[in-house]
Amino acid sequence: MTMQFSDIAARAAADGKIAPEEIQVLRELGWADGRMDPDEAEALFVANDALVEPSRDWCDFFVEALSNFIVHTVEPQGHVDQEMADELTFRIDRDGRVGSLAELELLVRVLEKSGSVPASLRAYALRQIEAAIEQGGGPTRHGELAGSGINATEVALLRRMLFAPGSEGAASVCQAEAELLFRLKDAALYEANAAEWQQLFVQGVANYLLGFAGPEPLDSVRAAELEAFMNAEGAGIGGFLTRMMASDVEDAFGSLLGGADAEHFDWEAEAEAGAELTTAETGWLRDRLDADEELDDYEKALIAFIDAETGETFVPRP
C-alpha cells in the first residue's frame, strides 16, 4: 500500500468524510499495479466504518474495489472459498448485522461476480434482508426505523441474491430460500409492501417447486436470462423453459456446462420433470399453506400460478 493511499484512507477514517477528488485518487492508486492488496482492502473497510454520510461515489468505489479484490485477487481467483467467506462476514459483522448499504451491496456483488461461493455466504446475505424487514431498520432503510413492510430496495436485493450465479443451485431457489420467502410474506402480510413483492414471492417459491437445476451451477449468461424472465410481467417458468429449449441447446448452453455433461444432459426431459409437483413438494407446500387458517392473497396467487404452469388444479386441503 502506498503512503498516499494510506494517508487518504486514514484521513477519511479520522474525519468521517471524504472528498470526490480523494476517492478518484484512491481509485487510481488502488489499481496502479492492476490489483489491490490486503492492506488497501482493510483500509477501505476502516474508512467505510467511519464515514458519517457515505456518498454515492464512495459506495460505488468501495463495492467495486473490494468485490474485485475478493473475487479476482484472492485465490482461488474467480471463486470465493469458505475461508474467504468467513473472513468477509467476520469483517463486516461487528454487531450481528451488516452496518451499511455499501456492505450489503458488496455482499450481493460478490455473489454476482463469483463463479461459486459457499452456501453460508448467500444465507448470511439473505438474513440481513430478513432482519431489516422483521425489525424495521437497517441498511436498506437508511439505518433508521422505517416502519414495517417490504420496500422496493429489499425486493430488488432479494431478487439479485436469490438468482445470483455464484452458489450451488445458482439461479434457482432452494427449499430454505423458499421457506424464507414464506416467512417474509407472513411477517409483512398486512403491511404496505412494494408492488413487486408479490411477484417475487410467487415466482421465487414456484421456481423452487417447478424449476430445475442442471449438472453445474448456472453462470452469468444463463443467470441473466433467468433474471430477464423474472422481471417480465406475467412470465411463467414453463414458458421460459420452453423458449430456452426451442433453441439449439448444445450450441447455446453446452459450452457453459462443458465436456460430456453437456452432451448427455437432457434439458428438455429435466424441464418437463421439474414442471410437475412431486409428492414431497406437494406435502411441503400444503404444510406452508396449512400454517394459517385461511389462504391469503399471496398464497392464492401462488396456487393460481402453479395451476397455470402444471395444467392441473392444486388442492390446498384435500
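No value in this document is a laboratory result; all are computed from the given coordinates. Keep in mind the model is a prediction, meaning the values are calculated, not measured. With ideal geometry, Cβ positions are generated from the backbone for all residues, glycine too; neighbour counts draw on all protein chains shown.
The table for this structure:
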{"quantity": "Burial ordering of 55, 100, fewest other beta-carbon atoms within 10 Å first", "calculated": "55, 100"}
{"quantity": "Cα gyration tensor shape for segment 3-55, rounded if a/c is under 1.5, else prolate or oblate", "calculated": "prolate"}
{"quantity": "Span from the segment 58-116 Cα centroid across to the segment 170-200 one, whole angstrom", "calculated": "24 Å"}
{"quantity": "Least to most buried among 184, 302, 295 (fewest other Cβ within 10 Å first)", "calculated": "295, 184, 302"}
